[in-house]
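The values are calculated or read from the model by the stated rules, or taken from the named source; none is laboratory data. On a predicted model such as this, the values are computed, not experimentally measured, just so you know. A quick note on method: Cβ atoms are made from the backbone with ideal geometry, for glycine too, and the neighbour counts reach across all protein chains shown. In case anyone asks, the SASA skips ligands and DNA or RNA and just uses the protein heavy atoms, side chains included. Shrake-Rupley method; radii C 1.70, N 1.55, O 1.52, S 1.80 Å.
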Amino acid sequence: MAKEKIAVAYSGGLDTSVMVRWLIEHYDADVIAVTGNIGENKELASVKEKALATGAKKAFVIDAQKEFIADYCYPALKANALYENAYPMATALGRPLLAKILVETAIQEGCTAVAHGCTGKGNDQVRFEVVANTLAPQLKVIAPLRDPRWGFKSREEEIAYAQKHGIPVIVTKKSPYSIDANLWGVSIECGALEDPMTPPPSDAYQITGDPQSAPDTPETITIEFDKGAPVAVNGTHLDPVALVAALNTVGGRHGVGRIDLVENRLVGIKSREIYEAPGAMILHFAHRELERLTLDKPTARFKDSVAREYADLVYNGLWFSPLRNAFDAFIDETQKSVSGIVKVQLFKGSIALNGRSSPFSLYNENLATYTTSDTFNHSAAEGFIHIWGLPAKTAWNAQLKANGKK
Ligand code: ARG
C-alpha cells in the first residue's frame, strides 16, 4: 500500500508538534505541516524550521491575514453577527479559513489525508471537518486527539514524548488556560475560568488592560465605513489588517472588548469562556450605530433576524454553505447605504457613541425637529391614527363581547 501523506494543521506548539511525530509513527506517513497565519501574533518565523526538525517532510506558513479580515470577519461584521448576542466569533470565523488553507495545500501536495489537533468535545473539530468534507471529500480526516491510541493524559507526558523523540519544543511556563488567538480576537478557557462564578483572574487576559487602570482621559476615535466595511480610522485610510490591528491597540489600552460568556456549544454542553476583541467590538458597535441612521425600519428589523441566523451558521461550522452565500447577497444589498462616519469614545472599558453622519442618512432634521423649521404634516396625523388603530379597536371590542364582558 502506498504510504499515507498527511497534511497537518500545525501551530508550532507542543500539541501539534507531538501530533506530527505521533502521525509519522502510527500511520507510517509522510507529514506536511501547514500553518495559516491569521494574526496569532506568535513567532511564526521559526515555525517552519520547527516543523521540519520535528519530522515533517515539508512545511508551509501561509499568510492569510488580509483574507481573514476582509472575506471572513467583515462579512460577519456587516451581518452584525454576534453569537448569542455577545461573541464576535474570532475562533469560529478563523477555523473555516484555516481548514480551507489546509485542504488546498493538501491537494496541491498530493496528500491523502488531513489532520487537526482539536479535541472531541469542542466546536472546532466540527468546523474543521465539515469544511474539509465540503471542500475536499476525497481526503481522509484524522483527529489524533480523538483516537484512543493518543493516550497523553498531561502536558508532562507530551513533553516526555517530545524529549524522547528529539522534538524541539520550547517548554514555556504552562499557562493554565487554553488560548486561541487571531487578529479578530482571543478566546480563553479552562483553569479557574471553568467556574462561572469566578471572575476572570487578571492573568487570563492577553491583549486588553484592566479597565480600572486604563487612562483617566477618554479617547475619541472616528471610524469611516464604506458600504458597511470599515475603511479609515481618524481620517487615515487603512487596509483591513492594519485597521483591525490599530483598533486592537487603542481598544486594548482602554480595556474595551472584554467578554465573559457562558455559551451553548454545538455539541450540546454549556461552556464558560472569556473573549478579548477590542477591535471587533468597537467595529460592531460603530457599524450598528451607522445602520440605525441609514437603514429603513423594515430592512433593519428583518436584517436583525438574519444576524442571529448568520451567527449560528458560522458558529456551527457551516461557513461554506449556500445559505451563507445567500445571506451575504442580502446583506451586501442592505449595505449599499451604510457609508459614513461614527465617532466613538473609549473610556475605562466602555465604548460610547459620540456622533454619526452619513451622506445616505435617513434622519431628516426638518421632520424630526420641534422648532419652527418643522415640515412634518401634523394634521395628517389625525387620519393616520384613526386608520392605524382601527383593526385593534374593532378586534378588542369584539373580544370583550366574546368574553361576555360587553
Ligand atoms: N468557544 C469558542 C468557539 O467555539 C472558542 C473555542 C476555542 N477556545 C479556546 N480557548 N481554545 O468559537
*Restricting the search to region 290-309, which residues are polar (S, T, N, Q) and open to solvent by 10 Å² or more (accessible area, probe 1.4 Å)?*
THR299, SER305
_Lone unmet requirement of (1) open to solvent by 60 Å² or more (accessible area, probe 1.4 Å); (2) away from the ligand (no atom under 13 Å from the Cβ) for GLY228_ = (1)
_I'd like the full set of residues that are open to solvent by 70 Å² or more (accessible area, probe 1.4 Å) and assigned to a helix (DSSP H, G or I), limited to region 195-211._
SER202, ASP203
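Would you pick out the residues in region 195-225 that are among the hydrophobic types (A, V, I, L, M, F, W, C) and either more than 26 Å from ALA70 (Cβ to Cβ) or within 16 Å of the ligand (Cβ to nearest atom) (or both)?
MET197, ALA204, ILE207, ALA214, listed by residue number.
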*Filter result for PRO148 (open to solvent by 70 Å² or more (accessible area, probe 1.4 Å), more than 14 Å from the ligand (Cβ to nearest atom) and in a loop (DSSP other than H, G, I, E, B))*: yes
_Number of positions in region 257-274 that are among the charged types (D, E, K, R) and closer than 22 Å to ALA286 by Cα_ = 2
_Of all residues making up region 119-145, the number that are under 25 Å from the mean Cα position of the chain (by Cα) and open to solvent by 30 Å² or more (accessible area, probe 1.4 Å)_ = 12
_Some residue of region 168-187 being in contact with a Leu (Cβ under 7 Å, 6 or more places away or on another chain), away from the ligand (no atom under 16 Å from the Cβ) and outside the structural domain of GLY13 (by TED's automatic domain parsing)_ = yes
*Kindly list the number of the only condition in (1) under 23 Å from the mean Cα position of the chain (by Cα); (2) within 14 Å of the ligand (Cβ to nearest atom); (3) open to solvent by 20 Å² or more (accessible area, probe 1.4 Å) that fails for ALA192.*
(1)
_Please go through region 74-121 and give me each residue that is in a helix (DSSP H, G or I), within 28 Å of ARG146 (Cα to Cα) and either β-branched (Val, Ile, Thr) or more than 16 Å from the ligand (Cβ to nearest atom) (or both), ordered by number._
THR91, LYS100, ILE101, LEU102, VAL103, GLU104, THR105, ALA106, ILE107, GLN108
*asked:* Checking LEU98 against (1) open to solvent by 50 Å² or more (accessible area, probe 1.4 Å); (2) under 18 Å from ALA64 (Cα atoms): exactly one of these is not met. Which one?
replied: (1)
*How many of the residues in region 151-181 are in a helix (DSSP H, G or I) and either over 28 Å from ARG265 (Cβ atoms) or open to solvent by 40 Å² or more (accessible area, probe 1.4 Å) (or both)?*
9
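Kindly indicate whether LEU290 is farther than 19 Å from GLY94 by Cβ, touching a residue at least 24 places away in the same chain (Cβ under 8 Å) and either outside the structural domain of ALA92 (by TED's automatic domain parsing) or not hydrophobic (A, V, I, L, M, F, W, C) (or both).
Considered against the rule, which asks whether it is farther than 19 Å from GLY94 by Cβ, touching a residue at least 24 places away in the same chain (Cβ under 8 Å) and either outside the structural domain of ALA92 (by TED's automatic domain parsing) or not hydrophobic (A, V, I, L, M, F, W, C) (or both), LEU290 comes out as yes.
Within region 363-406, can you find the residues that are open to solvent by 100 Å² or more (accessible area, probe 1.4 Å) and part of a loop (DSSP other than H, G, I, E, B)?
Filtering region 363-406 for residues open to solvent by 100 Å² or more (accessible area, probe 1.4 Å) gives 363, 365, 370, 372, 376, 378, 382, 384-388, 393, 396, 399, 401, 403, 405-406.
The answer is TYR363, TYR370, THR372, PHE376, HIS378, ASN403, LYS405, LYS406.
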*In region 314-327, what residues are within 13 Å of the ligand (Cβ to nearest atom) and either in a helix (DSSP H, G or I) or more than 17 Å from the chain's Cα centre (by Cα) (or both)?*
VAL314, TYR315
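Does GLU49 satisfy the criteria of being farther than 27 Å from LEU283 by Cα, open to solvent by less than 40 Å² (accessible area, probe 1.4 Å) and over 21 Å from the mean Cα position of the chain (by Cα)? Outline the logic, then answer.
On the way: farther than 27 Å from LEU283 by Cα: yes; open to solvent by less than 40 Å² (accessible area, probe 1.4 Å): no; over 21 Å from the mean Cα position of the chain (by Cα): yes.
Criteria not met by GLU49.
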